[in-house]
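The values are calculated or read from the model by the stated rules, or taken from the named source; none is laboratory data. Just so we're clear, the structure is a prediction, and the values are computed from it rather than from any experiment. Positions of Cβ are backbone-derived with ideal geometry, glycine not excepted, and every protein chain shown enters the neighbour counts.
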Amino acid sequence: SLVQANNAGVSPVIRKKLMGYVGFANLPNQVHRKSVRKGFQFTAMVVGESGLGKSTLINTLFNTPLYPPKEPLPPSAERPKTVAIESIGADIEENGVRLHLTVVDTPGFGDFVNNDDSWRPIVENIESRFDSYLEQENRVNRLKIVDNRVHACLYFIQPTGHSLKQIDIEFMRRLHTRVNLIPVIAKADTMTDEEIADFKARILADIAHHKIHIFEAPTYENEDEETLAEAEEIASKIPFAIVGSDKVVETADGREVRGRSYPWGVIEVDNEDHCDFVKLRQMLVRTYMEELREHTNDVLYENWRTEKLLSMGVAQDSTVFREINPAARMQEERILHEAKLAKMEAEMKMVFQQKVQEKESKLKQSEEELYARHREMKEALDKQRGDLEDKKRKIESGRPLTPEKGTNPKIAASFAKFPRPQC
Ligand code: GDP
């Protein structure tokens, strides 16, 4: 065995070679089975001015008409004056895997004369979802936690070809610490490839300049080349230039595809040469859905929770002294840390108990099976013994074993060596 100190130089890690199959290599399958049984919850938010194709894209992504076609508002209709938050939930299933999908739409965003505060109701909504999660976590029965937190936010950028607008920057700046931001260029079919490339470069420069953090596909050490290449390929397309369509159209060569038909040809949604839709879907659904959920839970939610609890602690104590007192602050941080540890411990205990129970019932079952086998074998042996005894009895009482007259003298001699037993 090899003793290694970890990075922090504490608690040595002991590496041992296993002498036989223990079984935890099967853990991924166990986790997989359990998650498939329970199903997944995923919440995606779409933000952007109306008419940028948000509903169409969601329908295209999940291949389901989640959003019914929108009726344009009649001119006389009273237009709402604030950003609304609307969510639609759907249970969808693919190859036996259930996904409870919630899409949060934010109609009204960017649609007013003054859009200065458009981001505010959205931040409030995201935080209230964190609040509800925290409240559930603090309950005694934490088994049935419903995770309504927003796991990804698709931000639709108008295909202007210029650079980001003030409202885009403001929104992303306010939201990037609360949600996984995925910027997309809406209706990319209205721009040429060259325009898209330039626009992307300008958007990325703006994002970097304002130190906005957008979601990046994580890469891990020891990752295989294929996965790394895939992550790089996806990253290279951000912000995704997308085209949405939930209609099937016919191409010039007679194929039926999801796309948009123009006098000069068809733009295919699922064709990587035409737009980045496939890569966006890969990021959001096929490859990184779990990472988006994890990052929401481990980083965004945890940071929000710490900030909230700290601010509550500080607010409770009105003395300025405490606010600037590092000892009090450390004490608070310690309490938070301990609470987190306690939570983790409780979770681990629960998992451990579950595993022990499973193991016990399995052991019991195999014990019963062993008994049954033992019984069967014993019965078979008893029967065999009975049969043999029967045969023996028959031989002893039946045919004479001495040779008849006229038989081969050699055989007679060999029989003579084995005298007939006396009964
Ligand atoms: P929302 O208000 O953002 O939800 O936008 P909708 O999804 O209702 O789309 C508004 C209009 O834009 C509809 O007529 C769509 O057919 C059209 N549309 C949606 N996606 C695209 C796209 O990628 N390209 C083009 N050219 N039009 C689109």
request  = May I ask you to list pairs of residues, at least six apart or on different chains, whose Cβ atoms are under 7 Å apart, with the first in region 111-140 being more than 18 Å from V179 (Cα to Cα) and the second being assigned to a helix (DSSP H, G or I) and at pLDDT 85 or above?
outcome  = N115/I167
key: Residues within region 243-269 that are more than 11 Å from the ligand (Cβ to nearest atom), part of a loop (DSSP other than H, G, I, E, B) and of a type outside the set (A, V, I, L, M, F, W, C), tallied   = 5
query = From the list E333, E358, which one is part of a helix (DSSP H, G or I) and at pLDDT below 85?
reply = E333
task = Would you point out which residue out of E256, E272, E230, E250 is among the acidic types (D, E) and surrounded by 16 or more Cβ atoms within 10 Å (Cβ to Cβ)?
result = E230
key: Verdict on E71 being within 25 Å of R37 (Cα to Cα) and either modelled with pLDDT under 90 or surrounded by 11 or more Cβ atoms within 10 Å (Cβ to Cβ) (or both)   = no
note = If we ask which residues in region 163-191 are β-branched (V, I, T), assigned to a helix (DSSP H, G or I) and more than 16 Å from the ligand (Cβ to nearest atom), their number turns out to be 1
Criterion violated by E194 - all others in (1) part of a loop (DSSP other than H, G, I, E, B); (2) exposed (fewer than 15 other Cβ atoms within 10 Å of the Cβ) satisfied = (1)
note = Result of the Cβ filter at 9 Å on region 34-49, keeping first residues that are among the β-branched types (V, I, T) and partners that are within 16 Å of the ligand (Cβ to nearest atom) and part of a helix (DSSP H, G or I), at least 6 apart or interchain, is V46/K54; V46/S55; V46/L57; V46/I58; V47/K54; V47/I122; V47/F171
inquiry  = Please verify whether E272 is of a type outside the set (V, I, T) and away from the ligand (no atom under 16 Å from the Cβ), treating the condition exactly as stated.
reply    = no
ask   = Quick check, is L181 among the hydrophobic types (A, V, I, L, M, F, W, C), touching a residue at least 24 places away in the same chain (Cβ under 8 Å) and closer than 30 Å to R305 by Cα?
value = yes
query = Looking only at residues in region 291-315 that are loosely packed, with under 14 Cβ neighbours inside 10 Å and more than 21 Å from the chain's Cα centre (by Cα), which one is modelled with the lowest pLDDT?
reply = A315
query = Would you pick out the residues in region 213-238 that are touching a Lys or Arg at 6+ places or on another chain (Cβ under 6 Å) and either modelled with pLDDT of 95 or more or part of a helix (DSSP H, G or I) (or both)?
reply = I234
ask   = Within region 121-162, how many residues are in a helix (DSSP H, G or I) and more than 16 Å from the ligand (Cβ to nearest atom)?
value = 16
